[in-house]
2 protein chains.
Amino acid sequence: MSERFTVSYRIFAASADEARARAEAIALEQTVEIPRDVVPAGYVEDEILGRVEAVEPESGETYRARLSYSPDSAGPDLPQLLNVIFGNSSIQKGIKVTGLDLGPTMSARFPGARFGIEGLRAATGRAHGGLVAPVIKPMGLSAAEFAVTARRVAEAGADIVKEDHGLANQPAAPFRDRVPRLAEAVAEANAVRQAAGDATTALYFPNLGGATTDLVADAYFAKEAGAHGVLIIPGLQGFDAIRALARDEGFGLPIMAHPAFLGPHVLSPDTGFTHGMMFGTLMRLAGADVSIFPNFGGRFGFTPEECTDIVSACRDADGPGRAILPSPGGGMSLDRMPEMMRLYGENTIYLLGGGLLRYGDRIGDAIRDMRRTLG
Amino acid sequence: MSERFTVSYRIFAASADEARARAEAIALEQTVEIPRDVVPAGYVEDEILGRVEAVEPESGETYRARLSYSPDSAGPDLPQLLNVIFGNSSIQKGIKVTGLDLGPTMSARFPGARFGIEGLRAATGRAHGGLVAPVIKPMGLSAAEFAVTARRVAEAGADIVKEDHGLANQPAAPFRDRVPRLAEAVAEANAVRQAAGDATTALYFPNLGGATTDLVADAYFAKEAGAHGVLIIPGLQGFDAIRALARDEGFGLPIMAHPAFLGPHVLSPDTGFTHGMMFGTLMRLAGADVSIFPNFGGRFGFTPEECTDIVSACRDADGPGRAILPSPGGGMSLDRMPEMMRLYGENTIYLLGGGLLRYGDRIGDAIRDMRRTLG
């Protein structure tokens with residue numbers, strides 16, 4: 001028998017007895033999904049059925065339950081692992097996923113990020129300091145217009161030139177027309193940087209926003225065209241899209257994950273995942289190298305505590321897999337960079353999008369300012 | 001210019017002015033994602049930028065905002081359409097999607113279900129009455145054991161033999177070993193039914209629970225093996241997985257959608273989608289022919305009103321696409337069937353899973369009982 005993996009849940013219950021009963025119900029729901037009295041004896045009951053390892057009071061109205069599951073209940077696939085962690089239980093109120101311990105068997109099946117923090121530092125050549133990531137937008141501009149901006153920010157010292165997560169196949173700049181032009185613009189900027197003695201490189205990350213069935217082909221197209229990584233929205237393309245590319249030797253480029261469509265999984269106290277679980281642990285489990293999340297104090301309501309929970313989960317030395325780079329963004333401006341740097345430190349990718357457009361032709365100055373602030 | 005599509009949001013706000021400001025913020029967030037004062041004049045401002053069409057008070061603390069978006073902001077792809085409807089706004093508290101009007105341009109891009117209610121009635125040969133769908137489970141049994149149950153329920157008159165959404169590639173019964181055996185068992189049962197003069201057919205729907213990148217190949221494998229449709233979990237595989245198969249002429253089989261992992265999108269009043277939007281409208285938009293949801297009074301906390309909201313959204317004559325079959329399940333027992341039949345009526349697929357296992361070798365009697373109750 002292989003070693004079980006463990007999931008922690010916050011359970012809302014009026015008493016310890018009710019919490020225990022709810023935990024036992026989760027053990028059934030997430031595996032056999034049949035009443036306890038008809039669970040077949042032997043392998044199904046002894047191995048497949050979820051096991052309540054502990055139920056402890058947490059606060060006045062919540063309990064922390066640790067359940068263990070057999071690797072055989074998930075099998076080799078990430079969708080089914082997520083299904084065991086929180087498939088049907090996601091539809092029951094008063095249950096939040098707070099922790100995941102993969103154990104050796106599942107850790108071997110899901111080795112996580114290919115690059116992680118060190119891999120991305122090596123790829124950019126930026127050994128120290130926060131990483132600077134301007135965002136190419138808004139949708140509706142042409143590929144030629146995007147290319148002008150991409151070249152300017154790359155020349156000025158950007159580490160990652162990231163496309164907006166809303167750039168897909170809109171008629172103004174469809175993926176297969178846009179990506180080669182931006183890759184070329186970034187390559188030309190890198191040549192200028194290199195000629196000036198700069199040892200660092202700007203990486204270009206286009207967004208894989210097209211059909212899910214085209215995602216792998218689009219990723220290969222982007223690589224062929226000169227992109228250095230890709231952006232994926234797991235809330236729309238599925239977490240397994242990240243895993244597939246992270247494990248694809250032929251592709252072999254880093255992956256940024258975007259939080260769009262996943263908000264309801266963290267916004268409520270009594271359902272979904274904690275912020276750290278969703279934007280740290282699950283992204284690492286899938287194999288993302290970077291996890292984007294909305295910074296506190298911007299247009300989104302995350303608290304500083306929720307943001308540091310994400311950052312800790314991204315960098316935790318205990319896995320899953322390699323430590324990855326958290327990437328706060330969302331309505332940031334240059335004057336907030338020193339405050340962010342103090343909170344998040346250097347192993348962070350600092351996104352700046354709409355605010356950059358204020359600088360117009362002088363956008364390069366903004367990148368250089370940002371670079372100085374981030375060390 | 002093509003005709004815009006319209007999304008309705010419930011916005012939590014303290015005043016009409018705040019509600020209007022939040023609506024204007026959504027219009028930016030879901031499209032250009034830059035501050036209003038730097039939106040480029042011309043095409044981006046006039047066409048791409050979301051447009052607030054109306055903001056009306058709804059209750060003491062909520063407002064209903066109708067926003068229109070250009071088909072050019074979504075382009076041809078479903079992931080990006082969902083991104084425009086509720087990508088980043090999903091991460092902001094106090095916004096719930098309550099309505100979608102595709103308009104002619106997007107309706108043509110997303111024609112919806114291939115079969116719908118009429119197509120599935122034709123495929124089963126069941127012109128009237130509720131459809132009977134036993135669920136094959138629990139995980140951990142062998143394909144041979146599942147096949148015995150599948151044959152029994154199919155012989156007894158099941159309309160759809162549905163696999164549990166937790167059957168994936170577990171070692172006890174991996175997909176490519178399991179599906180041909182169950183397809184054969186159901187085919188043999190259909191031969192018995194036909195020989196007895198029964199004009200109806202049991203359809204076998206395996207679950208596509210493997211890797212997302214294998215989903216299309218697995219669907220073709222299932223069809224080749226004799227399956228009559230498939231089950232997909234859009235919360236794990238992405239909504240676009242449904243669309244891809246629904247639009248695939250070579251595949252051409254009906255699709256059931258399962259709600260696992262999507263709970264947080266409906267459980268809270270102030271984020272996500274209404275029940276009808278998520279389990280009716282979005283499933284139809286993607287192209288599902290059947291939408292499974294947890295019945296009231298079972299292990300899940302949906303109210304009768306939330307369930308009828310789903311049912312209405314599945315059957316609404318105004319689309320998206322063809323009307324589809326709602327499929328309540330989740331801890332149901334035979335004695336609840338008359339009550340369910342009164343509420344949901346005959347254009348419904350009645351799921352029965354764990355409760356059936358109580359009948360053991362007499363499981364066929366339970367199916368025949370169910371058949372009689374459902375007309």
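With the requirement that a residue be part of a helix (DSSP H, G or I) and within 12 Å of chain A (Cβ to nearest Cβ), what does the stretch B:25-41 give you?
Step one: of the stretch B:25-41, the residues part of a helix (DSSP H, G or I) are B:25-29, B:36-38.
Across the stretch B:25-41, the qualifying residues are B:Ala25, B:Ile26, B:Leu28, B:Glu29, B:Arg36, B:Asp37, B:Val38.
Sort out which residues of the stretch A:42-80 are within 14 Å of chain B (Cβ to nearest Cβ) and in contact (Cβ under 8 Å) with a residue 60 or more places away in the chain, and write them in order of number.
So in the stretch A:42-80, the residues within 14 Å of chain B (Cβ to nearest Cβ) come out as A:42-51, A:69-80.
Of everything in the stretch A:42-80, those that are within 14 Å of chain B (Cβ to nearest Cβ) and in contact (Cβ under 8 Å) with a residue 60 or more places away in the chain turn out to be A:Tyr69, A:Ser70, A:Pro71, A:Asp72, A:Ala74, A:Asp77, A:Leu78, A:Pro79.
Select, from B:Ala246, B:Ala168, B:Ala222, the only residue that is in contact with a Lys or Arg (Cβ under 7 Å, 6 or more places away or on another chain), surrounded by 22 or more Cβ atoms within 10 Å (Cβ to Cβ) and assigned by TED's automatic domain parsing to the domain that holds B:Phe146.
After ruling out the rest, the residue left standing is B:Ala246.
Would you confirm, using the coordinates I've provided, whether B:Glu47 is surrounded by fewer than 20 Cβ atoms within 10 Å (Cβ to Cβ) and modelled with pLDDT under 95?
Spelling it out, it is not the case that B:Glu47 is surrounded by fewer than 20 Cβ atoms within 10 Å (Cβ to Cβ) and modelled with pLDDT under 95.
How do the helices (runs of 4 or more DSSP H) wholly within the stretch B:132-226 filter down when requiring 3 or more residues that are among the aliphatic types (A, V, I, L, M) and within 12 Å of chain A (Cβ to nearest Cβ): which remain?
Passing ranges, in order: B:215-225.
If only one of B:Leu334, B:Leu325, B:Leu374 is crowded, with 19+ Cβ neighbours inside 10 Å and either within 14 Å of chain A (Cβ to nearest Cβ) or over 30 Å from B:Arg109 (Cβ atoms) (or both), which one is it? Quick ask: steps written out before the conclusion?
Details: B:Leu334 fails: crowded, with 19+ Cβ neighbours inside 10 Å; B:Leu325 fails: either within 14 Å of chain A (Cβ to nearest Cβ) or over 30 Å from B:Arg109 (Cβ atoms) (or both).
After applying the criteria, what remains is B:Leu374.
Residues are listed down the side, and each one gets a yes or a no for (1) in contact with a Gly (Cβ under 9 Å, 6 or more places away or on another chain); (2) at pLDDT 95 or above; (3) part of a loop (DSSP other than H, G, I, E, B); (4) closer than 19 Å to A:Leu167 by Cβ:
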residue	(1), (2), (3), (4)
A:His228	no, yes, yes, yes
A:Leu231	yes, yes, no, yes
A:Gly235	yes, yes, no, yes
A:Ile242	yes, yes, no, yes
A:Glu249	no, yes, yes, no
A:Gly252	no, yes, yes, no
A:Phe261	yes, yes, yes, yes
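Any chance you could count how many residues in the stretch B:181-199 are more than 28 Å from B:Phe261 (Cα to Cα) and either buried (at least 16 other Cβ atoms within 10 Å of the Cβ) or in contact with a Pro (Cβ under 6 Å, 6 or more places away or on another chain) (or both)? Steps first, answer last, please.
Filtering the stretch B:181-199 down to residues more than 28 Å from B:Phe261 (Cα to Cα) leaves B:181, B:184-199.
Checking which are either buried (at least 16 other Cβ atoms within 10 Å of the Cβ) or in contact with a Pro (Cβ under 6 Å, 6 or more places away or on another chain) (or both) leaves us with B:181, B:184-187, B:189-190, B:193.
Qualifying residue count for the region: 8.
So which of B:Ala154, B:Ala195 is aliphatic (A, V, I, L, M) and over 19 Å from B:Met370 (Cα atoms)?
On the way: B:Ala154 fails: over 19 Å from B:Met370 (Cα atoms).
Unique residue meeting the criteria: B:Ala195.
With among the hydrophobic types (A, V, I, L, M, F, W, C) and within 29 Å of B:Ala241 (Cα to Cα) as the only criterion, which of B:Ala25, B:Ala108, B:Ala14 stands out? Before you say what the answer is, go through the steps one by one.
Values: B:Ala25 fails: within 29 Å of B:Ala241 (Cα to Cα); B:Ala14 fails: within 29 Å of B:Ala241 (Cα to Cα).
After ruling out the rest, the residue left standing is B:Ala108.
If only one of B:Thr124, B:Thr98 is away from every other protein chain (no Cβ under 12 Å), farther than 30 Å from A:Phe293 by Cβ and polar (S, T, N, Q), which one is it?
Answer to the selection: B:Thr124.
Would you confirm, using the coordinates I've provided, whether B:Arg36 is of a type in the set (Lys, Arg), under 22 Å from A:Gly298 (Cα atoms) and outside the structural domain of B:Asp316 (by TED's automatic domain parsing)?
Spelling it out, B:Arg36 is indeed of a type in the set (Lys, Arg), under 22 Å from A:Gly298 (Cα atoms) and outside the structural domain of B:Asp316 (by TED's automatic domain parsing).
What single numbered condition from (1) buried (at least 24 other Cβ atoms within 10 Å of the Cβ); (2) more than 12 Å from every other protein chain (Cβ to nearest Cβ); (3) not hydrophobic (A, V, I, L, M, F, W, C) fails to hold for A:Gly252?
Condition not satisfied by A:Gly252: (1).
Going through the stretch A:6-41 one residue at a time, which ones are among the hydroxyl-bearing types (Ser, Thr, Tyr), without any contact (Cβ under 8 Å) to a residue 60 or more places away in the chain and under 23 Å from B:Pro259 (Cα atoms)?
Of everything in the stretch A:6-41, just one residue is among the hydroxyl-bearing types (Ser, Thr, Tyr), without any contact (Cβ under 8 Å) to a residue 60 or more places away in the chain and under 23 Å from B:Pro259 (Cα atoms), namely A:Thr31.
Hey, B:Arg284 hits all of (1) in contact with a strand residue (DSSP E or B) (Cβ under 9 Å, 6 or more places away or on another chain); (2) touching a residue at least 24 places away in the same chain (Cβ under 8 Å); (3) assigned to a loop (DSSP other than H, G, I, E, B) but one; which does it fall short on?
Of the numbered conditions (1) in contact with a strand residue (DSSP E or B) (Cβ under 9 Å, 6 or more places away or on another chain); (2) touching a residue at least 24 places away in the same chain (Cβ under 8 Å); (3) assigned to a loop (DSSP other than H, G, I, E, B), the odd one out for B:Arg284 is (3).
It is to be established whether one or more residues within the stretch A:255-276 are farther than 26 Å from B:Ala23 by Cα, out of contact with any strand residue (DSSP E or B) (no Cβ under 8 Å at 6 or more places or on another chain) and either free of Cβ contacts under 8 Å to residues at least 24 places away in the same chain or within 10 Å of chain B (Cβ to nearest Cβ) (or both).
Scanning the stretch A:255-276 turns up no residue that is farther than 26 Å from B:Ala23 by Cα, out of contact with any strand residue (DSSP E or B) (no Cβ under 8 Å at 6 or more places or on another chain) and either free of Cβ contacts under 8 Å to residues at least 24 places away in the same chain or within 10 Å of chain B (Cβ to nearest Cβ) (or both).
So is A:Leu78 at pLDDT 95 or above, out of contact with any Ser or Thr (no Cβ under 6 Å at 6 or more places or on another chain), surrounded by 22 or more Cβ atoms within 10 Å (Cβ to Cβ) and not aromatic (Phe, Trp, Tyr) or not?
Criteria met by A:Leu78.
The values are calculated or read from the model by the stated rules, or taken from the named source; none is laboratory data. On a predicted model such as this, the values are computed, not experimentally measured, just so you know. Here the Cβ is made from the backbone with ideal geometry for all residues, glycine too, and neighbour counts use every protein chain on show.
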